[in-house]
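One structure is given here, and the rest of the page talks about it.
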Amino acid sequence: MPTTEVDLVQNWLEQAVLGLGLCPFAGEHWRAGRVRLAVTSAACEQLLLEDLFAEVALLEATDPKLIETTVLIVTNLLHEFCDYNQFLDLADALIEQHDWDGQFQIASFHPQYQFAGTRVNDVENLTNRSPYPLLQVLREQTVSRALAEHPNPDEIPLTNIATLRSLSKERRQEIFGFLPET
């Protein structure tokens with residue numbers, strides 16, 4: 001049973017993201033140990049921005065063969081999805097402010113993630129629901145290359161939704177049991 005924030009996120013990555021194939025590009029980097037899981041205990045948005053800056057700067061300074069991506073686990077802030085969603089604007093501004101636009105991007109995951117046009121409990125929201133608010137820093141070059149090599153990247157969201165819908169309620173509960181709505 002996972003006991004720490006990192007354990008819980010690692011379990012979610014292995015069971016949901018990799019286990020269900022929700023991200024067809026993540027497995028190689030995960031198996032090679034190039035996914036950094038970092039916890040921030042920032043108590044305000046400014047400190048969180050500083051921690052995010054540090055993670056992006058670390059990626060910029062590190063060979064992708066050593067660290068491909070960082071998942072920043074936010075434990076003390078952004079518990080409400082609307083607050084998290086607003087913070088993403090600040091995260092994007094940070095990327096632009098430091099001329100990292102086109103080099104890095106932020107992927108978003110949250111326990112209450114809800115896509116526009118969906119209801120709270122719609123199964124497709126599970127594709128981006130995680131145990132904690134997460135800010136994943138991706139290298140744009142890697143994302144572009146992965147999308148170019150994938151036979152049909154536009155089908156990924158539809159495949160993910162079909163995969164999640166095919167799971168029994170009990171199996172979804174096993175994988176996403178950390179979420180109160182599942």
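Below, the figures for the structure above:
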{"item": "Filter pass, L37 being surrounded by fewer than 19 Cβ atoms within 10 Å (Cβ to Cβ) and either under 24 Å from G19 (Cβ atoms) or of a type in the set (F, W, Y) (or both)", "result": "yes"}
{"item": "Residue check for L78: of a type in the set (A, V, I, L, M, F, W, C), loosely packed, with under 14 Cβ neighbours inside 10 Å, modelled with pLDDT of 95 or more and in a loop (DSSP other than H, G, I, E, B)", "result": "no"}
{"item": "The lone exception for T69 - which of (1) in contact with a Phe, Trp or Tyr (Cβ under 8 Å, 6 or more places away or on another chain); (2) within 14 Å of R139 (Cα to Cα) it fails", "result": "(1)"}
{"item": "Residues of the range 124-140 that turn out to be without any contact (Cβ under 8 Å) to a residue 40 or more places away in the chain and of a type outside the set (D, E, K, R), as a count", "result": "2"}
{"item": "Cross-chain or 6+ apart pairs with Cβ under 6 Å, the range 91-112 first and without any contact (Cβ under 8 Å) to a residue 24 or more places away in the chain and crowded, with 18+ Cβ neighbours inside 10 Å, then part of a loop (DSSP other than H, G, I, E, B) and of a type in the set (V, I, T)", "result": "none"}
{"item": "For E60: the one exception among (1) of a type outside the set (K, R); (2) in a helix (DSSP H, G or I); (3) farther than 25 Å from R31 by Cα; (4) in contact (Cβ under 8 Å) with a residue 12 or more places away in the chain", "result": "(3)"}
{"item": "Inter-residue pairs, beta-carbon under 6 Å, first within 14 Å of T127 (Cβ to Cβ) and in the range 148-160, second outside any helix (DSSP H, G or I), 6+ apart", "result": "N160/L22"}
{"item": "Number of the exception - A42 against (1) modelled with pLDDT of 95 or more; (2) assigned to a loop (DSSP other than H, G, I, E, B); (3) out of contact with any Asp or Glu (no Cβ under 7 Å at 6 or more places or on another chain)", "result": "(3)"}
{"item": "Every pair of residues 6+ apart whose Cβ atoms lie under 8 Å, when the first sits in the range 19-42 and is touching a residue at least 40 places away in the same chain (Cβ under 8 Å) and farther than 29 Å from H79 by Cβ while the second is of a type in the set (V, I, T) and buried (at least 17 other Cβ atoms within 10 Å of the Cβ)", "result": "P24/I156"}
{"item": "Helices (runs of 4 or more DSSP H) enclosed by the range 96-182 - at least 3 residues per element that are within 30 Å of L66 (Cβ to Cβ)", "result": "140-149"}
{"item": "Every residue from the range 81-90 that is surrounded by fewer than 13 Cβ atoms within 10 Å (Cβ to Cβ) and charged (D, E, K, R)", "result": "D89"}
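The values are calculated or read from the model by the stated rules, or taken from the named source; none is laboratory data. Computed from a predicted model, the values in this text were never measured in an experiment. Cβ coordinates were reconstructed from backbone atoms using ideal geometry, including for glycine residues, and neighbour counts include every protein chain displayed.
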